[in-house]
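Every read-out reported here was derived from the displayed coordinates using simple, explicitly stated rules and does not represent laboratory data. Bear in mind that the values here come from a model prediction, so they are computed numbers and not experimental data. All Cβ positions, glycine included, derive from the backbone under ideal geometry; neighbour counts span all protein chains shown.
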Amino acid sequence: MKQLTPDPDGLSGAICVVTGAGSGIGRGCALALAGAGARLLLLDINQEGLAATAESIGAAAEHSLIERCDTSDPDQVAAAAQRCERELGPCTVLVNAAGILRPGGLDELPLALWNQVMSVNLTAYFLCAQAFGRQMRQHKRGALVHIASIAADHATPYGGAYSVAKAGVSMLSRQLALEWAPHGIRSNTVNPGLTETGMTAPFHTDPQIVRRRSGAIPLGRIGQPQDIAQAVLFLASDRAQYITGQDLTVDGGFARSVMATIPRPGYERP
Ligand SMILES: NC(=O)c1ccc[n+]([C@@H]2O[C@H](COP(=O)([O-])OP(=O)(O)OC[C@H]3O[C@@H](n4cnc5c(N)ncnc54)[C@H](O)[C@@H]3O)[C@@H](O)[C@H]2O)c1
């Protein structure tokens, strides 16, 4: 067992790769990991978003790299992994956060839309795990943290392939946890609930809808990227050195609130 001092997170100087780092939860993870002293490779398809993230991590950007990368493209992922090893060193932490959300009922969902969501939200997680996991296996240590969603366990009607892909992320993580435990590599997911990011911006323009969404959450507010990033930081760190194959929900209690939604006379408080 590793000792937990003087750097209890074990992230100072660690080479951490974050996908989807150009916005929202990925950016929040980049900030948290930079704060823990990590050296970062930040990947996103959106170059401007990456530049904004690099600016927000301040001095940590000097020891970090940004790269425009479509994580669903195996060649681009392979090139990013090579650059990581060449210019920073072998990756020890991978945060898979890049994702997209596309609406659609399953009755009429075009195959192209199904494939697009599956390839960015699921296949890309596998591709990145494989490419960066190779470096972890060589050095017998590493942590994978995949951003899934409460939608992995709860179907979202008219949400296209999103929930199906997120359920796949959960199982991908568990399989990686078992296959790579002998190599000293852990794999876990963080399942965010309602979180205010670029992806959900259209849900948060009408104050009435924001009030209803916040009101549905036991802790009374919509999550922020840093709420999710703190859980990612924990699972990536040595503090979680005996945790693998787990899903950690970070949702202000929302997914556990089903019994609070029905009237139960005699069991209610004003
Ligand atoms: N916001 C929420 O309420 C919420 C809830 C649960 C799970 N999530 C998950 O959290 C993760 C981050 O989402 P977010 O809410 O921060 O959204 P976001 O849109 O703010 O950020 C997602 C980032 O992924 C990038 N991206 C999209 N396709 C890509 C590709 N092919 N290659 C590389 N990068 C790509 C985007 O450019 C963007 O910067 C996603 O996996 C999402 O499914 C979000």
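Among residues other than Ala80 with Cβ under 12 Å from its Cβ, the summed charge is -4 (Lys and Arg +1, Asp and Glu -1).
Candidates Val17, Cys128, Ala32 compared by Cα position along the dipole of the chain: farthest toward the positive end lies Ala32, with charges placed on Cβ. Which helices, counted as full DSSP H runs in the chain, have an axial Cα extent of no less than 18 Å and a Kyte-Doolittle average of -0.5 or above? Span-like helices in the chain: 124-139, 162-180. Given only helices, namely DSSP H runs of n ≥ 4 each adding -39500 (n - 2.57), what is the per-residue ellipticity at 222 nm of the chain, to the nearest 500 deg cm²/dmol? The per-residue figure over the chain is -11500 deg cm²/dmol. For Ser237, Ser12, the sequence from fewest to most other C-beta atoms within 10 Å is Ser12, Ser237. The fewest-to-most ranking of Leu106, Leu31, Leu113 by surrounding Cβ atoms within 10 Å reads Leu106, Leu113, Leu31.
Listed from fewest to most Cβ neighbours within 10 Å, the set Met118, Met136 follows the order Met118, Met136. Restricting the calculation to Cα atoms, every distinct pair contributes to the Kirkwood radius of the chain, found to be 19.0 Å. Relative to one another, the C-alpha centroids of the range 62-78 and the range 242-264 are positioned 33 Å apart. How high is the FRET efficiency between Ser12 and Asp75 when r is their beta carbon distance and R₀ equals 25 Å, given to the nearest 0.05? Once rounded, the FRET efficiency stands at 0.15.
What FRET efficiency comes out for Ser257 versus Arg212 if R0 is 22 angstrom and r is the Cβ-Cβ distance? Round to the nearest 0.05. The computed FRET efficiency comes out at 0.95.
The order of the peptides 174-184, 57-67 by mean Cβ neighbours within 10 Å, most packed first, is 57-67, 174-184.
What's the FRET efficiency of Phe203 with Glu268 using the Cβ-Cβ distance as r and R₀ = 22 Å, to the nearest 0.05? The computed FRET efficiency comes out at 0.15.
Multiplying the residue separation of Glu179 and Arg83 by 0.36 nm and subtracting their alpha-carbon distance yields 32.0 nm.
To the nearest 20 debye, what is the magnitude of the charge dipole of the range 1-101 about its Cα centre, counting +1 on the Cβ of each Lys and Arg and -1 on the Cβ of each Asp and Glu? Its charge dipole is roughly 240 debye.
Placing +1 on each Lys and Arg Cβ and -1 on each Asp and Glu Cβ, with no other charges, gives the range 15-247 a dipole about its Cα centre of roughly 580 debye.
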